[in-house]
Every structure is written in structure tokens, then in C-alpha cells.
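I have placed the structure first, in the form of C-alpha cells, so that the comments after it can refer back to it.
The values are calculated or read from the model by the stated rules, or taken from the named source; none is laboratory data. None of the values given here were measured: they were computed from a predicted structure. Neighbour counts are summed over all protein chains in view; Cβ atoms, including those assigned to glycine, are modelled from backbone coordinates with ideal geometry. Surface areas here come from the heavy atoms of the whole protein model, side chains and all, with no ligands, DNA or RNA. Shrake-Rupley method; radii C 1.70, N 1.55, O 1.52, S 1.80 Å.
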Amino acid sequence: MQNSRTQVNLFGRAVGVAAGITARQTNAFVTRAPRPFEPLYLESRPQRSHHTLVHDSLKTWVYPTNVAVRDYQRNIAERAILTNTLVALPTGLGKTLIAAVVMLNYYRWTKDSKIVFMAPTRPLVTQQAEACYKIAGIPRDDTALFVGSAASPAVREQIWNEKRVFFTTPQILDNDLKRGTVDPKKVVCLVIDEAHRAAGAYSYVNVVQFIKRFSEEVRILALSATPGSSVEAVQNVIKNLSISHAEIRTELSDDVKGFVRGSKVEHYSAELTEEGFAVLNNFGQVLQPMLTELNNANVYFVRDPEKISLYGLVLARGDFQKQYGMRGMNNGYKWKIESTFNLITPLAHALGLLKNHGIKPFYEYISNWEKAQRYSDTGKAKKPGKGATSVLNNPHYKRMMQLAQKAIDQGAVSHEKINLLVAKLVEFFTDEEVVADRSKVIVFCEYRSSASELLRVLSEVESVKPHLFIGQSSAKDQSNIEAGQGMSQKEQQKVLDDFKAGIYNTLIATSIGEEGLDIGQVDMIICYDASSSPVRVLQRMGRTGRFRKGKIIAILTENERQRFDQALQKYEEIQRSISDISNFEFVPCSRILPDDVTPEIDLRTIDIPPENEEEPTIATTSSVKKRTRKAPAKKFNMPDDVETSFTSAASLLDTSKKRSRAKANQ
């Protein structure tokens, strides 16, 4: 018998057939049984939640049909609403939709509890807020965006009290929790984007630990395309974020591989120009005396100065300090070796810049190094150290700097990579199909000095409309972005908007472009250098192939190609390891819903308020009418059942006995 029930949206208005979805079609999703799943809950929990629940809403959990329903997203969302979950999905497969579903349902299920979405940067916060507005339909006037210092602490306190759903950077929530502006017991749902950052003293870790000291009744959802570069790193994220369950997918997982568009990788080799090799030969002669000293001390075994690697030197120095640093060696000789390591390490970095990026980035770095030897931080002239003096007075050093300066003055190309890059971009943007589709490109380049050089060259190519996309700078003067001094988050957001609008067709991005951002449809990625980190390599490659098949071009030196291939191989090994969640130890979480409640899925079209279609607005001091300039007094929130007044030792003993008897009678 056909189900004749009418499908309604969250506000009770009929949709169903009018939206192109019949009840029979909707119920087809419900009949598919998910694979066995058992939440990991704490053994003991309060009889009643301290959150005020809306019991009529607890019977169902809503999943929007405004977008195409994918089984893997629905299954993951169903588990994420019940337990603290780490979701690892390849880029472009819809982690934000899962977050929006979880946030929507805790918004429905609770009366006045807070739902918080954290992302590490302003562009990400704004992007995720915009996506959730258009997916979940949570009324915009019940939400707020906090980034940077746009809103004062006093204004934020007022907004925290008035609204329920927040999009913010973790540093703001961390500070407001410590200040007492936010009651940690009121937070019922916490979404953490780019969760692989949850290590050490990062604010993600601080926020979760702070809230957990006051309340176990918080549902945590952690999102990442690449949760870690090793099983140990993922386990650390699980521990730091109190994760009870993991949903990890790769491009080859059965339920997602049909949605992966794929990208073709093309490799092109490039080496230094003739001018670059002349600079390299002289630089090798500069490095040789230091290298010989380390060879003779049997602490570093590379003999060819042109094959010195920064990573190898760091490892060698660590071994030296571990084995010989504190014993069995004359102190004078020990410190001589240490000073040689100190001297050669930054020069090894310069060597890598020269070989992989060319003359100009190398020259800028070495010039800054030389300045640091001759002048103090305050600009006062000083005498270089003995080792630095030997380098600066080396005739090969002087010849090297002359050759580099001459090549730059004559406008010589820094590296053959640039010629290849220009050729590939011209070939791409003169293709008629590419022009018709308004296709876009991202060029990934690790160093700002090199990125600035690429911008200078590509700005002169007729078919290419480039712009830098780089991270922030600690420098107060950010006026000269082309010089690589950094972009504010507001400037980053404008560049992304202009890129999506087609004002620019090529982004030259440092690592800021690798992570999380929805940059829109990008048809080609060019890797101008290679990282040894499998996480970073895959993040770069994930920027294309989201909506249609993409193309990846790697323009690398021979050494970089080896690192690139090793990173891909390591990624495959890691994915095999972390896909088996039995490799991890999880942290039990608290059940928030009553024990006798098991919500059933309710697939429905969600009515998106018209105001939700507008761009997200960041909360500022001027955006709140009634505000105070005075900073709020610090508050001290307390866990439940904590005695805060003065009391006698006898009464404490009596209270302890009562609690013990009560626990025994449970």
C-alpha cells in the first residue's frame, strides 16, 4: 500500500511532490539498514541531561533532501549525532553537509544550548557559515560569526547570551571560555574543522579539555580530509578531542569511489638555468670547508657539497648531540662542531632554494642572511662571527653574489621551471574549451619569495590573470603583498571571492591554499615544488577534480620528484593503516539523549530563509546596539555539585560519607 503521508519541512509546510520527491521515494532511503554500529558510551551518566531538551523533537533526526542524498553521508551523520566522531573524507566529498546535519539536529533537540563550529582561519569560518546557512536552514538571526578582534569581549559576551549557533576561530572560544564569557556546560555540540591541527597546545585541544572539565554532555564532531601522517598522529587527535568513533574513507572506499572525479597527474622535469649552475658551482666551493670539517669528525657523511640536504643535517646534528654532545669529547672540539652545524644549516636551506626555485629566491635569502651577520636586530653594525667571516671573505662567495646579482639585473629567468610553467599555462588558457568554461588554475609554491617571482613573470603573460594567495604576516606593514609580506584574512577572502568570480584565473598559493578552503571549481593544479609530507601533497591534489575530472601538473627537479613519489607511497600506506579503526583506542563519551529515545531519520526538504542566502556577516562592536566599552568582569563557571562557600573539615567528611552511601545504593 502506498504511503500517503505528506512530506513537510521544519516549519510544518507541505513539500513532498511539489519538491519533486514523493513519500515512496523518500522512504526508500529509510529501508536501507546501516551496518552494525555500537556507540562507545561512559558507563555512568546523570539520570537527566543538564541540557533542556525539546522532547517532541527527539523522536526524529532530520536529514535535508535539498541536496542529493548520498548513502555514505547519511550513514556518517547518523552515527555522528549519537557519539563523538572523527570524520575523515577526501576533499570535496561533503564533510560540511555532515556537520550541518549534526548542528541542525542539536539545534532542534535543545531549547537554549549552544552549538559551535570552529575553523582555523577567517576565510574558513566564513565559508563554513555560508554553507551551513544554505544547507541546514538555521535562522540567521540566531547565529553569529566571530573572527579576529572585530568584536570586543564585552560585545561577544552579549552575543553569546543572545544567540545559539556560532562560527568562530578556536582562539576566540578558548579565550572566552577562560574569561568566563561562555558557560562550558551550555555547549551541546562542538564541530572542529581541519581537526588534524589538534596537537600540542593548539586551541582546539585547549577548548575540548576545558569543556570536558565541566561537562561530558557535549557532542564533538571532528572533520579532516587527512587526519594525520601516521597512525600515532591520528591516535593523538582521537585522544586530544575525546573521540569515541571514527568514520574514515579513502578515494577507493566502496561507498565513496563513485563520487570521486579523479585527476590525471603529468610530470615534467626541470633543472637550473646556465646562470644558475654557475652560481651553484661557486656556492659549492663556499660550503666545501664546512662540509669537510663535518666529514672529518664523522658526523655527516655526504661528500659532495651540492648534495647537502637540510633534513640530513638536522638528523646528523641530532645524532651528534645524542651520542657525543654530553660525554666523551673535548668541550672545545664539541662546540666547534656545533658552531659548524650552526653555520652550515641556514646555508643548506639556501642551497635547496637555489636548486629547486632558482636564483632570485636564493639571492634574497642569502642577502638577508648576510645582513643578519653584519647587523643586530636593532640595525646596529656588528662584527660577524669567525665562521661567518670566513664565508663572507671567501672569493667564491663574492663571485657567487656577483653572478646572481648580474642575472637578476639582466632579467634572466631564475629557473627552467618558470619557462615550463608559462608554457603549460599558455597552452591551457588558449584552449577553446577551457576559455568557454572559464576554467581556473592554482599554482602551489611553498616559499613567498618564489611565489612573488612567479607573480612578476605571469603578470606579463596575456592569457593569464594571476594573483598571490599567501598567509598572514606578523609584520605591521602588510601594504606590499607582492614582496611576500603577507595578507590579512580579510584580503585573503577578497582574493578568493575575486577568483571565484573570474577576475583572476590563476592563484599562486603557498600552504594557505592547501587546507580546507572551498575555492570553487579548479580544473588544473600545478605543483611548482614538492613536499615530503603526504598530507600536504594530497591536500594540494585535492584542490581539483571536485565537480569534474581535473588535471595535475608537477614541475619538479629530480630530487623533488623522488620526494613527491615517496609522499604518495607513504600516503597509501597511511591510508591502509588508518582505515582499520581497530588500530585505535577511543575515548568513551556521554549519551545526551534519554536512554529510551532512539530518533528515526526524517528526510525532508528544508525551508531556507531568504536572509540565509546573503553573505555571512562578521560580528563587530558596532553591530550591537546596546553595548558597553567596559571589559566584562571575569567569571568562574563551576561544574555541577561543586561547593563554593567556606566549610568545615567535619562537614566535608560528612558529605563524602553521604556520597559513598549513595553510590553504593545505585
- Of all the residues that make up the range 285-313, how many are of a type in the set (Asp, Glu) and either part of a helix (DSSP H, G or I) or in contact (Cβ under 8 Å) with a residue 60 or more places away in the chain (or both)? 2
- Exactly one of (1) part of a helix (DSSP H, G or I); (2) touching a strand residue (DSSP E or B) at 6+ places or on another chain (Cβ under 6 Å) is unmet by residue 316. Its number? (2)
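For the structure I just gave you, tell me whether residue 201 is over 23 Å from residue 97 (Cα atoms) and not in a helix (DSSP H, G or I).
Taking the combined requirement at face value, the residue satisfies it.
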- Working carefully through the options 126, 96, 91, find the one that is part of a loop (DSSP other than H, G, I, E, B) and either open to solvent by 10 Å² or more (accessible area, probe 1.4 Å) or under 30 Å from residue 538 (Cβ atoms) (or both). 91
- Query: Taking the range 288-322 on its own, how many of its residues are farther than 17 Å from residue 336 by Cβ and crowded, with 19+ Cβ neighbours inside 10 Å?
  - Reply: 2
- Within the range 565-587, count every residue that is over 22 Å from residue 532 (Cβ atoms) and in a helix (DSSP H, G or I). 3
- Task: Name the single residue, out of those in the range 20-75 being at pLDDT 60 or above, polar (S, T, N, Q) and exposed (fewer than 15 other Cβ atoms within 10 Å of the Cβ), that is nearest to residue 96 (Cα to Cα).
- Result: 52
- Message: Filter the range 355-402 down to the residues that are open to solvent by less than 40 Å² (accessible area, probe 1.4 Å), hydrophobic (A, V, I, L, M, F, W, C) and more than 32 Å from the chain's Cα centre (by Cα) and list them by number.
- Response: 388, 391, 392, 400, 401
- Message: Could you go through the range 408-424 and let me know if any residue there is open to solvent by 90 Å² or more (accessible area, probe 1.4 Å), in a helix (DSSP H, G or I) and either farther than 17 Å from residue 277 by Cα or modelled with pLDDT under 95 (or both).
- Response: yes
- Query: If we scan the range 332-343, do we find a residue that is under 21 Å from residue 308 (Cα atoms), basic (Lys, Arg), touching an Asp or Glu at 6+ places or on another chain (Cβ under 9 Å) and without any contact (Cβ under 8 Å) to a residue 60 or more places away in the chain?
  - Reply: yes
- Just one of 188, 208, 182 is open to solvent by less than 40 Å² (accessible area, probe 1.4 Å) and assigned to a helix (DSSP H, G or I); which is it? 208
- Would you pick out the residues in the range 371-401 that are farther than 23 Å from residue 278 by Cα and aliphatic (A, V, I, L, M)? 372, 381
- What tally of residues in the range 438-451 results from selecting those that are under 10 Å from residue 470 (Cα atoms) and part of a helix (DSSP H, G or I)? 2
- Message: As an exercise: evaluate residue 171 against (1) assigned to a strand (DSSP E or B); (2) open to solvent by 10 Å² or more (accessible area, probe 1.4 Å) and give the number of the one condition it does not meet.
- Response: (1)
- Considering only the range 350-363, state which residues are over 12 Å from residue 401 (Cβ atoms), part of a helix (DSSP H, G or I) and not hydrophobic (A, V, I, L, M, F, W, C). 352, 355, 356, 357, 360, 361
- Task: Select from the range 224-277 the residues that are more than 21 Å from residue 514 (Cβ to Cβ), in a strand (DSSP E or B) and open to solvent by less than 60 Å² (accessible area, probe 1.4 Å) and list them in ascending order.
- Result: 245, 246, 247
